[in-house]
Amino acid sequence: MTGKPKTLDVAIMGRSYKVACEEHEREGLLAAVAYLDEKMGEIKAAGKVASAERIAVMAALNIAHELLVARDGKAAELGFDTESLKRRMNSMQVLLDEVLVPQERLI
């Protein structure tokens, strides 16, 4: 039987978030938060991406890529094309730059 979700305060890139989480999921959620914070920090430190939104999108793409490669150790058998993904990620980065730069000027 699951308990009622509790609110957990977490921090990612210095920003605080409240997340609903059942007690048995707490450890996994905290590990995920730490991993995401680390990945976003790496992207920020590289200095190529400025806004938190863009950093989050790039981190999500990187983590999704890691997941697909690691999933069951069968990425190659499933025909997963890493180079194609890298090209698509670069294209998305260019698109994000084009779309988000005008919005950053509004802030």
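Condition first: more than 14 Å from the chain's Cα centre (by Cα), of a type in the set (K, R) and within 18 Å of M89 (Cβ to Cβ). Now tell me which residues in the stretch 15-63 satisfy that. Break it down into steps so the answer makes sense when it comes.
So in the stretch 15-63, the residues more than 14 Å from the chain's Cα centre (by Cα) come out as 15-28, 30, 45-48, 50.
Keeping just the survivors that are of a type in the set (K, R) gives 15, 18, 26, 48.
Correct list: K48 only.
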Worksheet item: Tell me, which residue of the stretch 1-33 that is loosely packed, with under 12 Cβ neighbours inside 10 Å and of a type in the set (A, V, I, L, M, F, W, C) is farthest from A56 (Cα to Cα)?
Response: M1
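Readers should treat all values here as calculations from the given coordinates under stated rules, not as data from a laboratory. Values in this document were obtained by computation on a predicted structure and should not be read as measured data. Please note: Cβ atoms are built from the backbone with ideal geometry, for glycine as well, and neighbour counts cover all protein chains shown.
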